[in-house]
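For reference, the structure is listed below as structure tokens.
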Amino acid sequence: MIGYCFSLAIATGITLMTISLDSNLQAWRAVNDGVMGGVSTGRMVRAGDTLRFEGELSLENNGGFASVRRPVDQDLSRATLVRVQVRGDGRKYQFRIRQDSGFDGVAWRAEFTSSSDWQTLDLPLDEFIPVFRGRQVPGAGPVDPSSIQQVGFLLADKQPGRFALDIRSIEFVSTEEPGSRH
């Protein structure tokens, strides 16, 4: 399992897309372990000027995950990283990317441990790990930014109980000079 070390330095770059936190909350869809018989809950709600991924993780009935996701419909082909501003409860969360619009299938994850203080985390796309139902998928390859169709958050830390992750921003950023990637 790859861990991430985040420093106070932030990569500079051009913001290609910012997911609006003012947009329709209905764009966020909860996908929890109830799809497999579990009883965990998770949802995205408005919390002042932020969004909050909140709920309760349960290990009952072989459960143990809660997630939210939303579609992305912009050209992110130049993106090299995702920059998120989050504040949480000290638990280990995942930011997830999907390259299709399906319900199930391969997702690419970057894990981070939240803090009670606001954190700005740069998650390089080339460090995301392809997974399917929690297991790595060796032949899936790296994230293809031009194919990103969904983004979301997931909690599956095997620690039952309430959770909350506040999200102040989600940005897709290019740190490369225009034309240098192709």
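Please treat every number below as a calculation from the coordinates, not as lab data. Keep in mind that this is a model prediction, so the values were computed, not measured. We place every Cβ from the backbone using ideal geometry, glycine too, and count neighbours over all the protein chains shown.
Numbers for the structure displayed
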{"read-out": "Given charges at beta-carbon only (K, R positive; D, E negative), |dipole| of the stretch 14-172 in Debye", "value": "240 debye"}
{"read-out": "FRET efficiency estimate (nearest 0.05) - Cβ-Cβ, Val35 to Ser77, R0 30 angstrom", "value": "0.45"}
{"read-out": "For Ala156, net neighbour charge (Lys/Arg +1, Asp/Glu -1) across residues whose Cβ lies under 13 Å away", "value": "+4"}
{"read-out": "Per-selection Rg to Rh, the stretch 14-172 - Cα, Kirkwood hydrodynamic radius", "value": "0.93"}
{"read-out": "Alpha-carbon centroid distance for the pair the stretch 32-75 / the stretch 135-179, whole angstrom", "value": "14 Å"}
{"read-out": "Label-to-label distance, nm, for residues given as Gln26 and Ser101 (7 Å Cα→Cβ offset)", "value": "1.7 nm"}
{"read-out": "Among 159-167, 104-112, the order from most to least packed when residues are scored by Cβ within 10 Å on average", "value": "104-112, 159-167"}
{"read-out": "Cα→Cβ-extended label distance, 7 Å offset, between Thr113 and Asp49, nm", "value": "3.0 nm"}
